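What follows is a set of notes on a single structure, which appears directly below.
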Amino acid sequence: MTLKGEDAVYTAQRLAELINFEAANMPMAFMEVCGTHTMAIARNGIKSLLPECIRLISGPGCPVCVTSNEFLDKAIALAERSDVIICTFGDMIRVPGSRCSLEEQRGLGSDIRIVGSTLDALALADKNRDKDIVFLGIGFETTAPTVAAAIIEAYNKRLDNFSVLCAHKVMPQPMKALSESSLNIDGYILPGHVSAIIGEAPYSFLADDYNKACVISGFEPLDILESILRLVRQVRKGFFFIENQYVRVVKPQGNPTAQELLSQVFEPADAEWRGLGIIADSGLAIRDEYAQFDADKKYQISIAPPIEPPGCRCGEVLTGSITPDLCGLFGTSCTPMHPVGACMVSSEGSCAAHYRYTLRDA
Amino acid sequence: MSDYTNDRITLAHGGGGRLSRTLVEDVFLPVLGNDCLNRLNDSAVLNLPDKRIAFTTDSFVVDPLFFPGGDIGRLAVCGTVNDLAVMGAVPRYLSLGLIIEEGFELESLRSIIQSIKDAADEAGVTIVTGDTKVVARGQADGLYINTSGIGSIERDLPVHKGRVRSGDLLIVNAPLGQHGMAVITSREELGFKTTIKSDVAPLNGLIDEMLRVSENISAMRDATRGGLAGVLNEMADQGDVQIILDEIAIPVNEDVHIACDMLGFEAIHVANEGVLLAAVPPDEADRMISTMRLHPYGRHAAVIGEVGDKGRARVTMRTHIGTHRVIDVLSGEQLPRIC
């Protein structure tokens, strides 16, 4: 829903009025699970349009932010090897691990490259047969299919110098944990891109078993406002189901081709989420048939126990327990220029969004 | 051609001996030559019409060297010319320092030298002195350029001080984000192609027209690295004023908007090489805009916001849905998002 000029202002105000009217002062808390939503909400000042009774909570949907220190430490340990080239998406590079970030490790001479897609990592492997290319596989159902496709291609081409350090995660499982938590979430703004892959069905337990309002939402500010209105209506009626506001992109059944790729290469596994701990079946592990492309198995990396930065409350921010400004480091020792925690690094992190776009007193 | 191995630059071309001389006489002088440069003296002796001059320097390390809409040569001239021009100086003379990686293709070098010449001609500046070094393969990324520039300051104008005043209206001349997105999306590893072209251009002609319309421009900046958001925040800090932007008034082309969206950027944070921001008194804004729109580099001139009260240095924006938010400076390097 892209409107321009005064039409957009009018529609936004009208939606805000409807939300206010229909919420009728009933306190409600909605979580936007996806980091792109967090950013869009902050960038467009959406909270300032909502009545006080509606609280938006940012969830664990920024893939960089939920990646554990252990994963980063492993990646850095691999980067220290002279026969390895690490390929990663850009956001990862500045996240502080236990001892340093990938960016700092690159400054020490490690070969760490930012790539735009897994295919670039494959091409690099093809060109540099004397080096091992390790791709850092992080992200949800949106990025995981492209990594699956790359692994299949590496298999078909017999590229034995390509592997993936895999920390892929799936979205619905942590929402189960969040629904059982003390956060009292009334509903979810469901991630549009993830839903385009997995469709509507994987979320149905949220409505059926937990009585949560659920709307799959687009990313334009008016999409988000409309989704919030639909959430309010579900809560007011006490009738919960998976509603799709983002019909122009998300089909009910999702993208079967991508789902097929995922299940061919990956299998469900327990995964560690920063802030949430280990959640059963919330990760994607590379199947045994493709074990040769699993960097974890290939290198048997051993690292010292990970260290969390003292004072950092990323974990609580990620689970929506606190807002970023309640962390003692926020805006003082932790800023986008000198991030302490992952949530301040990623362009989709809650702390970065809060820091960048919220009207602070100068 | 026996002086070039496989038509490439060798270390000897930077050695100061015969091959260096060949490079100068064969590649540089035929294109860039003028009375001053042709003398090949150790330094240029210049005539300046005025006692006050503006002096600036800039180094260029863009990757890739050739990008849609320009190349490192045009960039090296325009960047320095614009730094002089926004201070109200008339750009006159440029130096040209080249650091070339061994093995660099002669044809690429010729092409870059030609575009340096073309940009210098367009801007009306003369390359009066230069230097070339060649470093071993792997010690530089193809070619780095440094240019320094001298401009003459012909009259006293408030713009030399560069302090915005409460009530000023803010004007930009062209759509934002073209250069940064053209360069980023032309990098192979990004894996997608666009039609975005860099806006790299010498703005001294446009600025000259602007200063004819009004001598009361309080501040002018070219919005290069850090984008519009960067210079606005600097303006707000320097003048200790609040700056308020209007999102729908800010010119951004659709292709740039889409590419920014895909990468998680905002056009106001992306680098430009042909965008200037000017603060003008409100009663002179209309005339300024109509004059600017007559110039090829000012066709999309628009008022994008205003300077508010003193005492609260920050930049805010009224979004397209009518809400308000802070515009901060970019922290560190702009990173593509991952999902």
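Placing a label point 7 Å from the Cα of B:R299 along the Cα-to-Cβ line, the residues of region B:109-129 whose backbone N sits under 20 Å from it are B:119, B:122-123.
Here's how it looks for A:I133: its modeled amide H is under 5 Å from those of A:I85, A:F162, A:S163, which are all 5 or more places away or on a different chain. Spin-label model, B:R52/A:E180: points 7 Å from Cα along the beta carbon direction are separated by 7.3 nm. For chain B, the spread of Cα positions along the three principal axes, ordered from largest to smallest, is 67, 55, 33 Å.
The stretch between A:N25 and A:Y155, if pulled fully straight at 0.36 nm per residue, gains 41.1 nm over its current Cα-Cα span. Annotation: amide H of A:C214 within the under-5 Å range of A:Y188, A:F241, A:E243, sequence separation 5 or more or interchain, hydrogens built in the peptide plane. If R0 is taken as 30 Å, the Cβ-Cβ distance between B:E284 and B:D121 corresponds to a FRET efficiency of 0.40. Among beta bridges from DSSP that stay inside the protein assembly as shown, the antiparallel ones total about 55%. Taken along the Cα-to-beta-carbon direction at a fixed 7 Å, the label points for A:A201 and B:V31 span 6.3 nm. Of all DSSP beta bridges confined to region B:52-156, the antiparallel ones make up roughly 70%.
Specify the residue with the greatest mean-square fluctuation among B:V77, B:V61, B:V231, computed from a Gaussian network of chain B linking alpha-carbon atoms under 10 Å apart. Checking each option, the largest mean-square fluctuation is seen for B:V61.
By DSSP, the beta bridges lying fully in chain A are antiparallel in about 20 percent of cases.
Compactness of region A:314-357 is given as radius of gyration and Dmax, 8.8, 25 Å, from Cα positions. With neighbours defined as other Cβ atoms within 10 Å of a residue's Cβ, the residues A:E260, A:E272 order from fewest to most as A:E260, A:E272. Rg and Dmax over the alpha-carbon atoms of region A:128-200 stand at 16.9, 54 Å.
Distances over 49 Å make up what percent of all Cα-Cα pairs in the protein assembly as shown?
Here the tail beyond 49 Å accounts for 22 percent of pairs.
Each 20 Å bin from zero up to the one holding the largest Cα-Cα distance in chain A carries the following percent of pairs: 30, 56, 14, 0.
Extent of region B:158-326 along its three principal axes (Cα atoms, max minus min coordinate, largest first): 46, 35, 26 Å.
Based on the Cβ-Cβ distance of B:Q238 and A:D288, what FRET efficiency does E = 1/(1 + (r/R0)^6) give at R0 = 60 Å, to the nearest 0.05? So the FRET efficiency works out to roughly 0.45. Using a 10 angstrom cutoff on alpha carbons, build the Gaussian network for chain A and name the most mobile of A:V215, A:V340, A:V235. Checking each option, the largest mean-square fluctuation is seen for A:V235. Of the GluC sites (Glu not before Pro) in region A:73-176, the ones in a loop by DSSP (not H, G, I, E or B) with at most 16 other beta carbons within 10 Å are A:E80. Annotation note: trypsin sites (Lys or Arg not before Pro) in region B:95-150 located in DSSP loop regions with a Cβ neighbour count of at most 14 within 10 Å are B:R137.
Each reported figure results from applying straightforward, stated rules to the coordinates on display, with no laboratory input. The structure presented is a predicted model; accordingly, all values stated were derived computationally and were not measured. Every residue, glycine as well, gets a Cβ built from its backbone with ideal geometry; the counts of neighbours run over all protein chains shown.
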